[in-house]
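Remarks on the structure that follows.
What follows is calculated from the coordinates using simple rules that are stated; it is not laboratory data. These figures come from a predicted structure and were not determined experimentally. Virtual Cβ from ideal backbone geometry, glycine too; neighbours counted across all protein chains shown.
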Amino acid sequence: MSDTPLDSSKRTWLIASGCAGAAGAAFTAVPFVASFQPSERAKAAGAPVEVDISTLKPGEKVTVEWRGKPVWIMRRTPEQLASLQKIEGQLADPKSERTAYPTPEYAKNQYRSIKPELFVAVGICSHLGCSPSDKLQPGPQPSLPDDWQGGFLCPCHGSTFDVAGRVFANKPAPDNLEVPPHMYLSDSRLLIGEDKKA
């Protein structure tokens, strides 16, 4: 079969149309494929958070955000540490043995921390996700027992936690406050979200 000017013209148009279609498909596919990659904001949301704790004084607490959750970092006083022994019989899970919120091995102790004076916890109640309020002053107060040693009160349904985030018995919260993975980079730097050096 011989080529005629008409057949050659059709072939040119078919090739040009095919090339244009392929280029259009490539331009369309690039943003679509890129949409599968996590955004910078999503990457940052799951990334570890480094915190300077050098200025944190005894009795002070700061809150930082990690994975969209409030994380408390508190430097406990010697009096607060001593109070932890006084109330163990009143707690639902004093040794952090429950597994709904697994506690890292380095926090399965009376202080629920690597360093006794520094407490790191996710500030979300294990009942319905409310954020407990600071009730660090010991003594009788509204909604708290007369022998209150200091800790946290969830205003939603009355769950109470000691200064190690351990829930008191017979409260709506089923578990202690979560201790996130964390590690100390130095005496003044804390990394939340990782607990072993790469």
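Applying both filters, DSSP loop and at most 10 other Cβ atoms within 10 Å, to the GluC sites (Glu not before Pro) of the stretch 80-177 gives GLU97. Here's how it looks for ASP175: its modeled amide H is under 5 Å from those of SER126, which are all 5 or more places away or on a different chain. Taken one residue at a time, the phi angles of the stretch 154-159 give Karplus couplings (6.51, -1.76, 1.60, θ = phi - 60°) of 7, x, 5, 9, x, 5 Hz. Gly and Pro are set to x.
Report the Cα centroid-to-centroid distance between the stretch 78-94 and the stretch 124-198 in angstrom, as an integer. One Cα centre to the other: 12 Å.
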